[in-house]
Amino acid sequence: MTFFSPDPTLSKEQAALKLAKRLGDKALIEALEQMLLIRNFELRGEAAYQQGLVGGFYHSYTGQEAIQTACVAAFGQNHWYTGFYRCHALALLLGATPEELMAELYGKATGNAKGRGGSMHLYADRLLGGFAIVGGHLPIACGAAFSLKYQGKKDQLSLCFMGEGAVAQGAFHESLNLAALWDLPVVFIIENNQWGMGTHVSRSICTETIADRQAESYGMKSYLVNGMDWFESYLAFEHIYREVLETSRPVLVECVCERFRGHSISDPGLYRTKEALEAAKAKDPILSLKSDLIAQKLIDEKQFKELDKKQREVMISAMEFAQKSPAPATTSLEEDVYAP
């Protein structure tokens, strides 16, 4: 499995150093802070769920933080984003506050969707939503891309995140076909975390890599990205961004990663050995980025702990806000509900 590199003549360390010089210290430390914010949100949200303070389903993004953090950093926020039910990170990255998101998990009136959406349905100014139906959001991403093309907004794109389980759904193939047929500026991003619920990808998808074969079928380009490394992810997304702006053609991206939790928090993950889980955690994207920044003398171990503590305190404050917030009034339950 060979991951994309914009310059194969450079080693991973050389490419990271070159990118670091170009982006500057502030951008790299901000990326680490964002990943720590996401990790701490998930840790606190999981704790609240286990205490019975959060109902419904809870799908943690722990272990996958590098992908969406790098993507939003490379593309910027001024695009349409569409997410699936593992949507906490994307909402945070696109401007939703920790307080409103935590309150949404708690089902409170101050929540991101007034307490009606819960963990799987979060929004932001440029986030069209988190969607619980596997593959059901891909046509929405195509619609966003069509609207941009129709309005002549050539500086904006539609980005669509999904898990590898969505690839086997009919909506995936219909959406890729339509996007290719109509030359829609949409980037389909598969976050291949290896496990569709409790089934390993090798038992559900018939090819070793997903993006190249699927993209070839619809005449679009594909990229295979190391989703456990922020630097490699950023370089890939930066290249893809320039390409799609230039061509206005759809692209299919596969980011290979591995989640550190079960499919949802109620899933004990017994289908995965302890050794396999520890091997995955050894590639922790946050620790990887930390090591890179320490090697480049941008931070030290003490500063890393301070950054982590800062984000932990942000999340403790968000939990206190959620705890004190009022529940939605029963008289408001039928508001904003539409039926034909």
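Derivation of every value follows stated rules applied to the coordinates shown; laboratory data play no part. Quick caveat, the model's predicted, so the values are computed rather than measured. Here Cβ is always computed from backbone atoms with ideal geometry, including for glycine, and neighbour counts include all displayed protein chains.
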For Gly129, residues with placed amide H under 5 Å, excluding near neighbours: Gly83, Ala124
Net charge of Cβ neighbours under 10 Å - reference Leu289; Lys, Arg +1; Asp, Glu -1: -3
Range of Cα positions in the stretch 194-340 per principal axis (Å), largest first: 58, 52, 41
Ellipsoid semi-axes in whole angstrom, largest first, where each is sqrt(5λ) of the Cα gyration tensor of the stretch 164-262: 23, 18, 10
Dimensionless Rg ratio for the stretch 101-203, taking C-alpha atoms and the 2.2 N^0.38 Å reference: 1.21
Values of log10 I(q)/I(0), in the order q = 0.07, 0.10 Å⁻¹, for the chain under a Debye, Cα-only, solvent-free model: -0.28, -0.58
Relative contact order [Cα under 8 Å, 6+ residues apart], the stretch 1-96, whole percent: 26 percent
Nearby lysines by direct alpha-carbon distance to Lys302 (threshold 18 angstrom, same-chain neighbours under 8 apart not counted): Lys26, Lys290, Lys310
Rg/Rh (Cα only; Kirkwood hydrodynamic radius) as it applies to the stretch 104-160: 1.09
Whole-Hz ³J(HN,Hα) from phi, Karplus 6.51 cos²θ - 1.76 cosθ + 1.60, for the stretch 64-78, glycine and proline x: 10, 4, 5, 5, 6, 5, 5, 4, 5, 5, 6, 8, x, 8, 7
Karplus 3J(HN,Hα) series, Hz, for the stretch 183-198 with 6.51 cos²θ - 1.76 cosθ + 1.60 (x for Gly, Pro): 6, 8, x, 10, 10, 8, 10, 8, 8, 7, 8, 6, 10, x, 6, x
Cα pair count fraction exceeding 24 Å, expressed as % - the stretch 1-95: 35 percent
Helix-only mean residue ellipticity at 222 nm for the chain, each DSSP H run of n ≥ 4 adding -39500 (n - 2.57), per residue, nearest 500: -14500 deg cm²/dmol
Distribution of pairwise C-alpha distances over the stretch 180-226, 10 Å bins, in %: 22, 50, 24, 4
The stretch 204-280 pair-distance distribution - Cα-Cα, 10 Å bins, rounded %: 16, 35, 31, 15, 2
Relative contact order (%) - criterion: Cα under 8 Å, at least six apart; region: the chain: 24 percent
Zone residues, the stretch 260-285, relative to Met197, backbone N less than 16 Å from point 7 Å out along Cα-to-Cβ: 262-272
Linear extension gain, Asp212 paired with Asp7, 0.36 nm per residue minus alpha-carbon span: 71.8 nm
Burial ordering of His88, His239, fewest other beta-carbon atoms within 10 Å first: His239, His88
Mean-position separation - Cα centroids, the stretch 290-340 and the stretch 103-147, in angstrom: 17 Å
Footprinting exposure proxy for Phe161, Phe146, Phe172 (fewest neighbouring C-beta atoms within 10 Å first): Phe146, Phe172, Phe161
Estimated FRET transfer efficiency (Arg242, Asp125; beta-carbon r; R0 35 Å; 0.05): 0.90
Per-residue Cβ neighbour rank within 10 angstrom, fewest leading, Met102, Met197: Met197, Met102
Label-point separation in nm, Lys154 to Ile29, each point 7 Å along Cα→Cβ: 3.9 nm
Net length gained if the chain between Tyr338 and Trp182 were fully extended (0.36 nm per residue, minus Cα distance): 53.1 nm
Virtual spin-label span in nm between Lys21 and Arg249, 7 Å along Cα→Cβ: 3.3 nm
